[in-house]
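So the structure is just underneath, and the comments pick up after that.
The values are calculated or read from the model by the stated rules, or taken from the named source; none is laboratory data. These numbers were taken from a predicted model, which means no experiment stands behind them. In this analysis, Cβ positions are derived from the backbone assuming ideal geometry, glycine residues included, and neighbour counts consider all displayed protein chains.
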Amino acid sequence: MKRILFISPVLPDNNGSGREKRAYYWLQKLQHHYEVDWLVITTQNLHTPTVPLSNYQHHQLSIPYARISKVAHMAAICLSFTLGSIRGSSLLGWYPLQKHDRKQLYNLYSNLRYEKIICFRLYLSEFAQYLQTVTHTTSMWLDMDDIESATWNSIGNLLLKNRIYKAGIYHKLAAAQFYVNEHKMLRLFDRIFVCSRKDQELLSSRFLTLDIHIHANKIESKPIPSISPTHGLTMLFVGTLGYYPNEEAIRWFVNHVFRIMHQRDNRFALIVAGYAPSVSLHSFLQQTPGITVYANCNDLASVYQLAQLAVTPLHAGGGTKIKVLEAMQYGLPVIATQEAVNGLDLEPGKHYIAAETSNEFIKSCEAILYNSNSYEKMRKDAYAIVNNQYSYTY
């Protein structure tokens with residue numbers, strides 16, 4: 001069996017964050033055709049996947065990378081814009097290849113040969129480029145997932161709108177850096193993958209000669225759930241809570257939607273589930289009557305069973321949102337902003353309820369929770385499109 005090297009910032013985990021789920025999907029797809037060596041390059045401590053990695057024919061090597069200070073990053077970025085590219089001059093998300101990394105990678109990989117190298121996320125491309133040389137690999141693919149420059153710019157705009165100026169400026173500078181690096185690094189790859197047709201069209205308009213493919217986010221197929229609605233008035237928000245667009249979304253929803261609903265009818269409840277909430281967010285949620293927090297939850301299936309409705313009031317971000325697909329797969333009706341369903345072939349009114357303002361969310365939430373029987377067809381249609389277009393079975 002031929003061998004490939006997969007370079008990733010995360011371990012594959014079907015019960016993890018969006019990146020971990022996408023990595024897991026790649027692993028499921030590749031392991032039937034290749035032996036997969038998995039190289040993890042990360043700035044964070046890795047949690048243990050809920051599915052043991054020993055189940056798969058690959059091994060995992062981790063190279064921790066320590067970020068330099070934001071002040072040093074800022075100075076290097078300013079110089080790079082005026083004097084040209086400076087190695088390691090990226091801010092908030094780019095992983096520059098350092099001298100000690102080269103030495104360690106050479107010792108680990110110089111005697112290995114691969115059919116191809118797949119790099120998951122653009123910010124690891126310096127590592128992929130070096131390893132291609134070290135291992136004499138002829139073919140190299142890149143999975144961008146989303147277009148980083150657009151994602152960072154979107155989050156930066158939201159931060160500035162909310163008057164969080166320092167972080168907003170950092171994100172806007174990072175967006176500019178990614179834009180420059182996209183022009184510099186994408187040409188190194190034989191094939192590039194993005195998660196949606198929208199991102200494919202945007203990237204193709206900028207790079208006419210690149211071979212760009214859609215590798216949609218998908219979730220593992222599950223049997224159709226019981227569609228008979230359960231009685232209750234509980235809403236659910238799922239997401240990585242340490243990610244600013246998710247934190248902003250749930251704070252907005254609590255302040256502008258849930259508190260008003262709970263004052264009208266104190267039977268309304270909200271479950272918030274996800275990884276890594278900040279201390280301030282966790283305290284904010286716990287102090288709000290009617291809210292239950294499942295922080296660092298490893299069993300989302302049981303949480304979905306507690307709710308009658310999923311809400312995704314996102315205002316920024318990138319890529320496609322797996323949380324929307326999961327909620328539909330578990331049989332929950334979904335109320336979502338346009339940002340939350342970007343890149344997904346979903347029809348408002350058929351697969352989900354569209355809402356942007358607080359009044360629209362309140363009206364739709366109350367309509368569904370008070371009369372859930374009326375939305376049985378929507379739940380079936382939503383499950384069907386997820387099962388047909390956004391799920392996989394191996």
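Taking the criterion of being modelled with pLDDT of 95 or more and in contact with a Phe, Trp or Tyr (Cβ under 9 Å, 6 or more places away or on another chain), the residues of segment 153-181 that qualify are ASN153, ILE155, GLY156, LEU158, LEU159, ILE164. Scanning segment 347-394 for residues that are touching a Ser or Thr at 6+ places or on another chain (Cβ under 6 Å) and free of Cβ contacts under 8 Å to residues at least 40 places away in the same chain yields ILE353, GLU356. Of all residues in segment 175-197, those that are acidic (Asp, Glu) have Cβ atoms under 9 Å from Cβ atoms of residues that are in a helix (DSSP H, G or I), 6 or more apart or on another chain, in GLU182/LEU122; GLU182/GLU148; GLU182/SER149; GLU182/LEU203; GLU182/ARG206. Only a single item in (1) touching a Leu at 6+ places or on another chain (Cβ under 9 Å); (2) crowded, with 24+ Cβ neighbours inside 10 Å; (3) not in a helix (DSSP H, G or I) is not met by ILE250, and it is number (3). Of all the residues in segment 127-145, those that are surrounded by fewer than 23 Cβ atoms within 10 Å (Cβ to Cβ) and not in a strand (DSSP E or B) number 10.
Can you tell me which residue within segment 352-385, out of those that are aliphatic (A, V, I, L, M) and farther than 20 Å from LYS323 by Cβ, is modelled with the lowest pLDDT? Out of the qualifying residues, it is ALA367.
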